[in-house]
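So the structure is just underneath, and the comments pick up after that.
The values are calculated or read from the model by the stated rules, or taken from the named source; none is laboratory data. Remember, it's a predicted structure, so these values are computed and weren't measured experimentally. We place every Cβ from the backbone using ideal geometry, glycine too, and count neighbours over all the protein chains shown. In case anyone asks, the SASA skips ligands and DNA or RNA and just uses the protein heavy atoms, side chains included. Shrake-Rupley method; radii C 1.70, N 1.55, O 1.52, S 1.80 Å.
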Amino acid sequence: MRIRVSPAVLCLLLLLALSGPAKGDKAAQQPARKPNIVVIMADDLGYGDVSCYGAASIQTPNIDRLASEGIRFTQGYCSASTCTPTRYSFLTGNYAFRAKGTGIAPPNAPAIIKPGTETIASLLQQGGYRTAVVGKWHLGLGGESGPAWNDELKPGPLEIGFDSCFLLPTTNDRVPQVYVEDHRVLNLDPSDPLWVGNKRPSMDHPTGKTHRDTLKMDWSHGHNSTIHNGISRIGFYTGGHAARFRDEDLADKWVEKSREFIAENRDKPFFLFFASHDVHVPRMPHERFHGKSAMGFRGDSILQLDWCVGELMEMLDEMSLSENTLVVFCSDNGPVMDDGYKDGALEKVGQHRAGGSFTGGKYSIYEGGTRTPFIARWKGAIQPSVSEKVVCTIDLPTSVAKLTEQPIPDQTFTDSIDVLDALLGKPNAAGRDHLVVQDNGHTGSFGLRSGDWKLHRYDKNKSRNVVVEQELRKVRVPNFQLFNLADDPAEQNNILGEHPDVAQRMKDQLRQIIASGRTREVLNTTNAD
């Protein structure tokens, strides 16, 4: 039987087909998936340590590829020249100098970021993201009495917005050498409890001083307490032998756990904080990297870091996630050569300049201490380019909130500025107009950048690690210094006396920033003339 269809009905059917799915169709109303976010934070990596930023003595092809597919910032900063305060500021969006106890955390430090504090992780978690941190933590664990190493280690990352964590709990030159997974030390045998302390537990306890001839990496200063894996550390610990790791395996473990997290959450938006330990001391990369650079274990550790970046990019490619993932690569502070171990970093540096053309490094407020590699890649969304916009790791919480359309409570992320347009490379995007950087926080040293001007303030007239190629040393400096970075990026010429009006205006601005308790959308700062 043949069915006749009138021309009017045919037209109606055609219009319905062209109009797409019916209004009630769930697929038609499905919102676009929010982008995944991966932040890769290197440790003690300098501006001049990677080849896309000018290094000639070492090649970093994976970091270079990341830069070639995204935006390489020439004025990207961390907010402090040591690890704990930068990590605190990155997660909370608040300058670390505003909070007590944010200097370099000792082995038994309690949780520095308290439960209930809004973080970049909690904000994304509330927005439907799965969140994880893998790698170095160094922000304390446990209540006010410190970590309960043989019990639940809480509060910690899970109490401030992370769904899971796999951690090096402190930093690897400090004890203990164990992994923490969520709230527990991994593989801890109850019959061999872990003890961590500040004093030698017994007279026969081996240390870097008493058993120096047994070390496979000698210490130069300060790292001479408990020995593990032939390397002496800061602090003391006993027990927990089944839980202890090999230094050489850290990077492989971070990659392994990151792959597990990404694979498990590939079908939903996720946030991964990949907190590498490279190139922090003790520099003991996996054996397959030994001797691969001409700069000893420090150079070999840079190659290991580059390998990690390549593995993460390969994961995203394999799982077809690269075009829906914003990757940010940065460092927690600038470089240091001899930081407590005789690992050949000074002797084998050759012509390499870890801080690039800048003065200073880790522990200092000179540019070399806080201006670091900073790259943003989102394939298909970010056009490859080089940007001179000023951006900082402290800005990621507010910028990510805008990207994912999450509201920010007024009393959170108080120093985190929206630089999303700069991160995405949009035309006429604005970066920061001002930035405060600090050292570890113990010496009252601050740097205020405003436009091309930079003011140094030293409350104790001391600066550390001014020249990264030399051994760490403290030098006397004036209470205030003023530099013009456009003319003098290496901060060699203090022109405070030539521009007293600019200096006074910036002194007042810095004082106001510190006293105000916040800068985001409240303190109206302007560039100094």
Once the stretch 236-286 is represented by equal point scatterers at the alpha-carbon sites, with solvent omitted, what log10 I(q)/I(0) does the Debye formula produce at q = 0.14, 0.16, 0.19, 0.21 Å⁻¹? -0.51, -0.63, -0.79, -0.87
Taking Thr393, Thr412 and ranking on accessible area (1.4 Å, protein atoms only), highest first, one gets Thr412, Thr393
If you count, for each residue, the other Cβ atoms within 10 Å and average over each peptide, how do 81-88, 68-75 line up from highest to lowest? 81-88, 68-75
So, R0 is 22 Å and r is the distance between the beta-carbons of Ala148 and Asp249; what FRET efficiency does that work out to, to 0.05? 0.30
Quotient of C-alpha Rg and 2.2 N^0.38 Å, computed over the chain: 1.04
Less than 28 Å apart at the alpha-carbon level, and either on another chain or at least 8 residues along: which lysines does that give for Lys462? Lys100, Lys342, Lys362, Lys454, Lys474, Lys507
Kirkwood-based Rg over Rh for the stretch 327-461 (C-alpha set), two decimals? 1.01
Viscosity 1.002 mPa s, 20 °C: Kirkwood-radius Stokes-Einstein D of the stretch 196-328 over Cα pairs, µm²/s: 125
Estimated D of the stretch 78-144 in µm² per second, where Rh is the Kirkwood radius over Cα pairs and Stokes-Einstein applies at 37 °C, 0.692 mPa s: 262
Considering all alpha-carbon pairs of the stretch 278-362, what whole percent are spaced by more than 20 angstrom? 43
Shape call, the stretch 262-404: gyration tensor on alpha carbons, a/c limit 1.5: oblate
Going highest first, how would you order 415-424, 102-111 by mean Cβ packing within 10 Å? 415-424, 102-111
Enter the Cα centre distance for the pair the stretch 476-499 and the stretch 79-116, rounded to the nearest angstrom. 29
Nearest 5 is fine: what % of DSSP beta bridges in the chain come out antiparallel, could you say? 55
Could you list the square roots of 5 times each eigenvalue of the Cα gyration tensor of the stretch 120-208, that is, the equivalent ellipsoid semi-axes, sorted largest first and rounded to whole Å? 29, 13, 11
Which percent of the Cα-Cα distances in the stretch 363-441 go past 16 Å? 56
Which semi-axes, in whole Å and largest first, does the equivalent ellipsoid of the stretch 122-164 have when worked out from the alpha carbon gyration tensor as the square roots of 5 times its eigenvalues? 22, 10, 9
In terms of the alpha carbon gyration tensor, root eigenvalues a ≥ b ≥ c, rounded if a/c is under 1.5 and otherwise prolate when a/b exceeds b/c or oblate, the stretch 369-408 is oblate
Using only the alpha carbons of the stretch 159-236, what is the convex hull's orientation-averaged projected area in square nanometres? 6.5
Mind pulling up the Rg/Rh value for the stretch 220-262? Radius of gyration and Kirkwood radius, both on Cα. 1.10
